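Okay, so here's the structure we're looking at.
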Amino acid sequence: MNKQDSDYYDLAHGITRRRFIGTAAGGSAALLTGGLASLLQSTVSAAGFDFIEATIPQLQAAMASGALTSAGLTMGYIKRIQSLNPTLHAVIEVNPNAVAIATALDNERRAGNVRGPLHGIPLLVKDNIATKDNMQTTAGSLAIYGSQVPADAPLIQKLRAAGAIILGKANLGEWANFRDDEAETYPLAVGWSARGGSTNNAYDLSYTSWGSSSGSGAGAAANLCAAAVGTETDGSITGPSAVENIFGLKPTLGLISQDGIVPISHQQDTAGPMARSVTDVAILLGIMQSPQTDYTPLLQRGALNGKRIGRDVRYFVYSYYGSGIPGDELTVAFAENALSVMERLGATVVDTDTGDVYAYAVNPPDEFTALLFEFRAQIADYLATLTRTDMRTLADLIAFNQAHCPQELVYYDQDVFLLAEQFVGYPNDLSYIAARNHATGTARAGIDGAIARDHLDAIVAPHLTNSTGPAVAGYPNFSMPVGIRSSGRPAGMLMYSTAFREAQLIAMAYDLEQALNARQQPQLLGAIQPIPNGGFCTGHQPQGKAHLPHGRFF
């Protein structure tokens, strides 16, 4: 084996699960040897090409010119994961075949076969999206570790066919944060999984990583990949994108196939792109959706000229209905500034009101009620497709967590699982039908009514506010960075519309992106705040030994 081959081998095979699972001690060591600044600068080039912050078209141009190879780029990202992941916990595992796949794609390129804009581009995908390869698909849980999915999810099939490299699996809030309400009420816990630990925010380690697509957000933000794929039921693409200074698009329900995604609810779940630029979001969305669409001709200046943008007053004026994290109310001023920039670009901004999400999400809690019915039935349907596991129902998952409490229930419990187990009768139960119809109908009426009444092209709301309206309606919602606060924490803004308006949102977001130039690299400020032990396992005696990944430390 020559040195180059040896380097490929070390990078492809030397990063075992031991390196990625249980890396808290490694993170501390990294901080002691050179500091966070040295971590950020430790790998900034691949074969002499500076790939940090490069867009997908820029990476393609470098590979086309011979200045970069896909194998070199893949190794560059892997080296960066080696340096930063012990601190960020954004990646659960790296694809052991990533470099070999990249090398094969380089050979295709040399033979004159370029599959498209993703040829040779390494991506991270959330660990609730099925990949039938040498990686796991577990939604972060130990309960289905070792199981085998029947096939790649259709969106993964599309990405691979387009030449993308599935570099690894991104960490997430376990079971997409649908296991316990503690994961919602304690912001630092929303990015935790038993397999991957707690995802830390790349801008401020003491800040939340939000959503459940926490690893996808931190991975894209910290340049651990060219771009990432997340999923959202309500806020899990838009939220992590906002707090990580990246762009994240939750598309219209059904635009991307839900098959192969560990479900909460087919009535709200969708995958979506998360990236450092609107251009990269547009490319990924176009490849993943059905039918595939080329959005890149829309990436031109002037898209906001003549548009009418609704300023959702319920979130700008009435109150800051957002994260509840002190200081996040300061993001509203950044969204107001973005609206002013939109006006300078020729848009007309008018006040609008999409309605009170509390009327169907809190009092009564129709969204949550519907999700409980849907999850109990649909997770069983998903588990039935797996082999090499005896997990078949939600009750099985609950029993596993109870039997392995010190591994699974250390920081938060499984109250949502226990509650969902009581919601039998999907899809014919009358209370379910009423809850789903009221929630979805009210959400759609609020957005569609505002658009029709005020003749709007899109509606905007500040950082971490209205994810629920578009999520329950099944409508597209684009989270975009609009600045960095004096604290170093990002400020984001949401832009949403009615069904299948992705093209218009992408065009307007691109115009705003070019004018604002709000994207900045993270600096890993602050200090990691340990999640307090929830005390759920006091005196617990495990009933058996979990089938754990190698080297997991508790």
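The values are calculated or read from the model by the stated rules, or taken from the named source; none is laboratory data. It should be emphasised that the depicted structure is a prediction, and the values quoted were computed from it without experimental measurement. As a convention, Cβ positions derive from the backbone with ideal geometry for all residues, glycine included, and neighbour counts pool all protein chains shown.
Looking for something out of contact with any Gly (no Cβ under 9 Å at 6 or more places or on another chain) and of a type in the set (K, R) - is there at least one such residue anywhere in the range 113-124? The answer is no; no qualifying residue exists.
Can you confirm whether L88 is crowded, with 24+ Cβ neighbours inside 10 Å and within 24 Å of G254 (Cβ to Cβ)? Before the answer, list the steps.
Details: crowded, with 24+ Cβ neighbours inside 10 Å: yes; within 24 Å of G254 (Cβ to Cβ): no.
So L88 does not fit the description; no.
The C-beta contact set for the range 132-159 (first residue closer than 15 Å to V91 by Cα, second residue in a helix (DSSP H, G or I) and of a type in the set (D, E), distance under 8 angstrom, 6+ apart or interchain) comprises A139/E174; G140/E174; S141/E174; S141/E408.
Would you kindly identify the helices (runs of 4 or more DSSP H) lying entirely within the range 422-540 that contain at least 3 residues that are touching a residue at least 12 places away in the same chain (Cβ under 8 Å) and closer than 19 Å to P365 by Cβ? Don't jump to the end; show me each part of the working.
Numbers: elements: 430-454, 468-473, 502-516.
Here the list reads 430-454, 468-473.
The conditions of being in contact with a Leu (Cβ under 9 Å, 6 or more places away or on another chain) and either modelled with pLDDT of 95 or more or closer than 25 Å to A176 by Cα (or both) are not met by S431.
The number of residues in the range 358-414 that are under 21 Å from W192 (Cα atoms), of a type in the set (S, T, N, Q) and more than 25 Å from the chain's Cα centre (by Cα) comes to 1.
Being surrounded by fewer than 24 Cβ atoms within 10 Å (Cβ to Cβ), part of a helix (DSSP H, G or I) and touching a residue at least 60 places away in the same chain (Cβ under 8 Å) is a property that does not hold for T252. The condition of being part of a helix (DSSP H, G or I) and under 17 Å from the mean Cα position of the chain (by Cα) holds for only one of V317, V281, that being V281. Residues satisfying the criterion are present in the range 240-251 (criterion: within 27 Å of A380 (Cα to Cα) and modelled with pLDDT of 95 or more). Among the residues of the range 391-426, those identified as within 13 Å of R179 (Cβ to Cβ) and among the aromatic types (F, W, Y) are F400, Y411, Y412, F417. Scanning the range 276-299 for residues that are surrounded by 20 or more Cβ atoms within 10 Å (Cβ to Cβ), more than 19 Å from R519 (Cβ to Cβ) and of a type in the set (G, A, S) yields a single hit, G286. For T138, the requirement of being surrounded by 22 or more Cβ atoms within 10 Å (Cβ to Cβ) and modelled with pLDDT of 95 or more is met.
For A471, the stated conditions do not hold, so it cannot be described as more than 22 Å from the chain's Cα centre (by Cα) and of a type in the set (A, V, I, L, M).
Okay, residues lined up against (1) under 28 Å from G260 (Cα atoms); (2) among the charged types (D, E, K, R); (3) touching a Cys at 6+ places or on another chain (Cβ under 9 Å); (4) assigned to a loop (DSSP other than H, G, I, E, B):
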{"site": "S340", "(1), (2), (3), (4)": "no, no, no, no"}
{"site": "D351", "(1), (2), (3), (4)": "no, yes, no, no"}
{"site": "A370", "(1), (2), (3), (4)": "yes, no, no, no"}
{"site": "I379", "(1), (2), (3), (4)": "yes, no, no, no"}
{"site": "T385", "(1), (2), (3), (4)": "yes, no, no, yes"}
{"site": "M391", "(1), (2), (3), (4)": "yes, no, no, yes"}
{"site": "A395", "(1), (2), (3), (4)": "yes, no, no, no"}
{"site": "A399", "(1), (2), (3), (4)": "yes, no, no, no"}
{"site": "Q402", "(1), (2), (3), (4)": "yes, no, no, no"}
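None of R489, R519 is among the charged types (D, E, K, R) and within 18 Å of E53 (Cβ to Cβ) except R519.
Among the conditions (1) among the small types (G, A, S); (2) under 30 Å from A439 (Cα atoms); (3) not in a helix (DSSP H, G or I), the only one that G346 does not satisfy is (2). If the condition is being under 22 Å from F368 (Cβ atoms) and in a loop (DSSP other than H, G, I, E, B), then the range 255-269 contributes Q258, V262, P263, I264, S265, H266, Q267, Q268, D269.
Out of H455, H404, which single residue is touching a Leu at 6+ places or on another chain (Cβ under 9 Å) and of a type outside the set (S, T, N, Q)? Steps first, answer last, please.
Details: H455 fails: touching a Leu at 6+ places or on another chain (Cβ under 9 Å).
Of H455, H404, the one residue that is touching a Leu at 6+ places or on another chain (Cβ under 9 Å) and of a type outside the set (S, T, N, Q) is H404.
Contact map, the range 102-115: residues that are closer than 16 Å to A71 by Cα paired with residues that are part of a helix (DSSP H, G or I) and not hydrophobic (A, V, I, L, M, F, W, C), Cβ distance under 6 Å, separation 6+ or inter-chain. Pairs shown: A102/S70; A102/T74; L105/S70; D106/S70. Say whether the condition of being part of a loop (DSSP other than H, G, I, E, B), surrounded by fewer than 24 Cβ atoms within 10 Å (Cβ to Cβ) and not acidic (D, E) is met by at least one residue in the range 233-245. No, the conditions are met nowhere in the range 233-245.
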